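A.B. asks: What follows is a structure written as structure tokens; I'll ask about it next.
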Amino acid sequence: MSTDQVLGLAAGLGSAVVFGLAAVAQAHAVRRSGFRLDTLVEFVRHAVRDAWIWVVLVCYLVGFVLHAVAIWLLPLYLAQATVAMSLPVTALASRRVAERLDAQQWGSVGLVSAGLVLLAAGSGSAGEAVSSWWLAAALWAGLVVLAGLAFTTVSRERRRLAGGPPHGAGSLGGLGLGALAGLGYAGSALAVRGVRLPLDGPAVLCALAVPSLSLLAFWVYSRAMSSGAVAAASAPMVVGQTFIPAAVGMLTLGDGVRAGWGWAVLAGLLVSTYGAVRLARAQARTVATSSGPGVTPAGRATSTG
């Protein structure tokens, strides 16, 4: 591996540690009685007065800077896959919010780690930063669609917790909300690749898309962890923010693969994704069997606000 790749990998793994710890702190913050998550406006109004949320935001800011370095120095499929290593960190730290992993779940964490090793072995050079109107337009269109899905899903989840009619296909729950958060963070990662100097119109729009997508994903992720286990909400988020940037990076942004190592990249993506999904399912079953009606994984009564 080149010096840039080593530095990028170190930055990516550093961001994974920070993100993993921040996820557990975020779960602790949003599960306390009275924390309002029903709408994005309510969430922001409440969060700016909450010391725990500020700690989480500082952690995410540090993690974002490290992650941005990884995005600029590594192919997106590897930069995003390093974030999957936040799952073992979250699994260890989640003992602080009374969640433990069994042997099967630790096996899933091992699969995620093995997939990352394969990705690192097969990674090639990173593509250049791409500042274009089509990327900026796609990011903002995706933000609008994602916001609509997020507001609809949170509304259904709120009605479900309140015991009301589901109105439609029903709530996606913590897993679905985690997946939506993953889409938001995926868009944010793509937006980072679209920022370059000197700044032009598309680069400015991409830069503005980074906090916009991140804020929406942060809210949805918070909502997911208020109604589901930390790792169960984190696993689909990791899958979403890994696969989409990986595909876009290789197909349109010039991310390379080592000659003859395409199988390792493909296998790494499949193995790490399977491990994340396996972990999510196992934790969801654990929550379903250990939590009674109206009780969250944190052990407190659910609240409609």
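A.B. asks: Any chance the range 187-207 includes a residue that's under 17 Å from Ser15 (Cα atoms), at pLDDT 75 or above and under 12 Å from the mean Cα position of the chain (by Cα)?
C.D. replies: There is at least one residue in the range 187-207 that is under 17 Å from Ser15 (Cα atoms), at pLDDT 75 or above and under 12 Å from the mean Cα position of the chain (by Cα).
A.B. asks: If Leu215 satisfies all but one of (1) surrounded by 14 or more Cβ atoms within 10 Å (Cβ to Cβ); (2) modelled with pLDDT under 80, what's the number of the condition it fails?
C.D. replies: All conditions are met except number (2).
A.B. asks: Further question on the same structure: Residues that are surrounded by 15 or more Cβ atoms within 10 Å (Cβ to Cβ), aliphatic (A, V, I, L, M), more than 30 Å from Ser155 (Cβ to Cβ) and modelled with pLDDT of 75 or more: does the range 19-33 have at least one?
C.D. replies: yes
A.B. asks: When the residues of the range 188-212 are filtered to those that are without any contact (Cβ under 8 Å) to a residue 40 or more places away in the chain and more than 16 Å from Gly142 (Cβ to Cβ), which remaining residue is surrounded by the most Cβ atoms within 10 Å (Cβ to Cβ)?
C.D. replies: This residue is Val204.
A.B. asks: Using beta carbons and a limit of 6 Å, which pairs, at least six apart or on different chains, have the first residue in the range 42-63 and closer than 25 Å to Leu13 by Cβ and the second one open to solvent by less than 80 Å² (accessible area, probe 1.4 Å) and of a type in the set (Phe, Trp, Tyr)?
C.D. replies: Short answer, once both residue conditions are applied: Gly63/Phe19.
A.B. asks: Applying the selection to the range 1-16, what residues are in a helix (DSSP H, G or I) and of a type outside the set (Ser, Thr, Tyr)?
C.D. replies: Across the range 1-16, the qualifying residues are Asp4, Gln5, Val6, Leu7, Gly8, Leu9, Ala10, Ala11, Gly12, Leu13, Gly14, Ala16.
A.B. asks: Here is a follow-up. Out of the helices (runs of 4 or more DSSP H) lying entirely within the range 36-99, which hold 3 or more residues that are modelled with pLDDT of 80 or more?
C.D. replies: Where helices (runs of 4 or more DSSP H) fall fully within the range 36-99 and carry at least 3 residues being modelled with pLDDT of 80 or more, they are 51-73.
The values are calculated or read from the model by the stated rules, or taken from the named source; none is laboratory data. Since the model is a prediction, treat every value here as computed from it, not as a measurement. Cβ: placed from backbone, ideal geometry, glycine included. Neighbour counts: every protein chain shown. With ligands, DNA and RNA removed, areas are computed over all heavy atoms of the protein, side chains included. Shrake-Rupley method; radii C 1.70, N 1.55, O 1.52, S 1.80 Å.
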